[in-house]
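K.L.:
Dumping the structure here so I can ask a few things about it.
The values are calculated or read from the model by the stated rules, or taken from the named source; none is laboratory data. Just so you know, these numbers come straight off a predicted model, no measurement behind them. Ideal geometry is used to build each Cβ from the backbone, glycine not excepted, and the neighbour counts take in all protein chains shown. Heads up: the accessible areas ignore ligands, DNA and RNA and are worked out on the full protein's heavy atoms, side chains in. Shrake-Rupley method; radii C 1.70, N 1.55, O 1.52, S 1.80 Å.
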Amino acid sequence: MHGLKAIVLAAGLALAGGMAQGQTAPQTAPASAPAAEAPKAPAPVAVESPAAATTPGAAPAAAATPAAATPADPTLNPDGTHKNGPVAGIGHPVDGHIGIQPQVTKLGESAAHFHNWILLPIITVISIFVLILLAWTIVRYRRKANPNPSKTSHNTLIEIVWTVVPVLILAFIAWPSISLLAKQFKPAPDNAVTIKAIGNQWFWSYEYPDHGGISITANMLKEKGDVPVGQRFRTDVDGPRLLAVDNRIVVPVGTPIRLIATANDVIHSWAIPAFWIKIDAVPGRLNETSFTVDKPGVYFGQCSELCGARHAYMPIVVEAVEPAVFAQWVAAKGGKMPEANKPSAAAPAQPAADKADDTATPVNGTVPAGNAVVENMTAEAATTNQAATGNTDQ
């Protein structure tokens, strides 16, 4: 009997406890629920800003600051063809033309003036004089007119004249000749744009070391009938036949250009007649010259040193543009103007105490604590744009 009472009492207590737990469960369930079963926060929704909403066609705020895109090449059309073509009679050979091409550099103008107004008149007078002398000798001293030839073997006056007159002529043309030759190899100033021309069999490649290391490879453009369908071919805008290239080198007008020429295989020669420039590209050597283009335009040249079977298919094309356009072209090629390459701030000076510690002398093969010692350290040579004087071996 007592056992039955104990069982009924225990069941009643259990039932009462269950009812109390059921009443308090809704309040404690959120705090005791596992974290994995908690509802997830909704994903954020992009809401257009008021400024963008009031402006038709405005881009969303998320797209307001995209990554900086590479600017377009100002010398090319959207399809990759050249915008600027050659001017008739300027910078390229012309059928039937006699004389030197119109010059677009101060050096070329001096050379053309020297040729047209000094050398050409002198050689014309000498040629006419010799022709008259030969004709007079043939007529005057022929056998019929002079049956008894003279036995004279020497004439002092004539010998003095034919010695002194050529010496005076050579002395007269020596000064402008030597001056012109010296100007062709005068080192470029510090603000010059450096271009390295590298001759290959059989094409030219170029580097702009002062503008972020821009590299260009220039190959001759073939005629329409010589390339497969869909491949680029030469047009009149590209230039004359056998002189047009796919990639031109670009230079700023009015800025000195330092041209460094070398080669990878055999001797080549970089020549632009309108610049009065011709310099050999020799493997293992760096030959240097300079020029300044005065007029915008497209100018053509060729390799002028016999370099192999396809020597005639190494054209050179230079496009001279305004300095602002040149800066855009450099940016389009992934380079930078020299001012952008300078460090923004100088490195802070090292405290005197640190310098003293760095120069501490080891004692018994050990160095006091705090000193950093680097062995077999070679200081890197400073980079400079100083022009070389003359030819420099690699």
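K.L.:
What FRET efficiency, computed as 1/(1 + (r/R0)^6) with R0 = 22 Å and r the Cβ-Cβ distance, is obtained for Thr70 and Ala324, rounded to the nearest 0.05? Don't skip to the answer; put the middle values down first.
P.N.:
Numbers: r = 18 Å, r/R0 = 0.80.
It comes out at approximately 0.80.
K.L.:
What figure, in Å² to the nearest 10, do you get for the accessible area of Arg310 with a 1.4 Å probe and non-protein molecules left out?
P.N.:
About 110 Å², ignoring ligands and nucleic acids.
K.L.:
Taking θ = phi - 60°, what integer Hz values does the Karplus form 6.51 cos²θ - 1.76 cosθ + 1.60 yield along the stretch 183-193, in sequence order, with x for Gly and Pro?
P.N.:
5, 5, 10, 6, x, 6, x, 5, 8, 6, 8
K.L.:
What FRET efficiency, computed as 1/(1 + (r/R0)^6) with R0 = 45 Å and r the Cβ-Cβ distance, is obtained for Gln231 and Asp294, rounded to the nearest 0.05? It would help to have the intermediate numbers written out before the result.
P.N.:
On the way: r = 36 Å, r/R0 = 0.81.
With a Förster radius of 45 Å, E is 0.80.
K.L.:
In the structure shown, do any of Lys186/Lys224; Lys183/Lys295; Lys295/Lys333; Lys83/Lys106; Lys196/Lys222; Lys278/Lys333 have a Cα-Cα gap over 31 Å, and if so which? Present the calculation step by step, with values, prior to reporting the outcome.
P.N.:
Numbers: Lys186/Lys224 42 Å; Lys183/Lys295 20 Å; Lys295/Lys333 23 Å; Lys83/Lys106 27 Å; Lys196/Lys222 25 Å; Lys278/Lys333 27 Å.
Long pairs (Cα-Cα over 31 Å): Lys186/Lys224.
K.L.:
Moving to a separate point now. Could you list which residues have their amide H under 5 Å from that of Trp204, counting only those 5 or more apart in sequence or on another chain, with H placed in the peptide plane?
P.N.:
Counting only residues 5 or more places away or on other chains, the set is Ala218.
K.L.:
Put a dot 7 Å past each Cα toward the Cβ at Lys106 and Ser150; how far apart are the dots in nm?
P.N.:
Between Ser150 and Lys106, the label points sit 5.4 nm apart.
K.L.:
Would you pull out the residues with amide H under 5 Å of Leu221's amide H, same chain only if 5 or more places away, H placed 1.01 Å from N?
P.N.:
Under 5 Å from the amide H of Leu221 lie the amide H atoms of Ala244, Val245, Asp246, each far enough along the sequence or on another chain.
K.L.:
Let me ask something additional. Using a 1.4 Å probe on the protein heavy atoms only, what accessible surface does Thr75 show? Give it in Å² to the nearest 10.
P.N.:
My reading of the accessible area for Thr75 is about 10 Å².
K.L.:
Zone of Ile118 (label point 7 Å along Cα→Cβ, backbone N under 19 Å): which residues in the stretch 177-213?
P.N.:
Hits in the stretch 177-213 for Ile118 at 19 Å: 177-186.
K.L.:
Give me the accessible area of Ser150, 1.4 Å probe, in Å² rounded to the nearest 10.
P.N.:
90 Å²
K.L.:
Okay, moving on. In sequence order, what are the phi-derived ³J(HN,Hα) couplings for the stretch 82-91 according to the Karplus relation 6.51 cos²θ - 1.76 cosθ + 1.60 with θ = phi - 60°, rounded to whole Hz, with x for glycine and proline?
P.N.:
Residue by residue, the stretch 82-91 yields 6, 6, 9, x, x, 8, 4, x, 10, x Hz.
K.L.:
Please list, in chain and number order, the residues 5+ apart from Cys307 or on another chain whose amide H is under 5 Å from its amide H, with Hs placed from the backbone.
P.N.:
For Cys307, whose amide H was placed from the backbone, there are no distant partners under 5 Å.
K.L.:
Here is a further query. Between Leu134 and Thr81, what is the spin-label point distance in nm, taking each point 7 Å from the Cα along the Cα→C-beta axis?
P.N.:
Result: 5.3 nm between the two label points.
K.L.:
Give a residue-ordered list of calculated ³J(HN,Hα) values for the stretch 260-266 (Karplus: 6.51 cos²θ - 1.76 cosθ + 1.60, θ = phi - 60°; whole Hz; x for Gly, Pro).
P.N.:
Rounded to whole hertz, the list is 10, 10, 8, 8, 9, 9, 10.
K.L.:
Which percent of the accessible heavy-atom area of the stretch 94-202 goes to carbon and sulfur, probe 1.4 angstrom? Don't skip to the end; give the middle numbers.
P.N.:
Values: 5850 of 8310 Å².
Within the stretch 94-202, the accessible surface is 70 percent carbon and sulfur.
K.L.:
For the pair Gln184 and Leu168, how long in nm is the line joining their label points, each one 7 Å along Cα→Cβ?
P.N.:
Distance between the two pseudo-spin positions: 2.9 nm.
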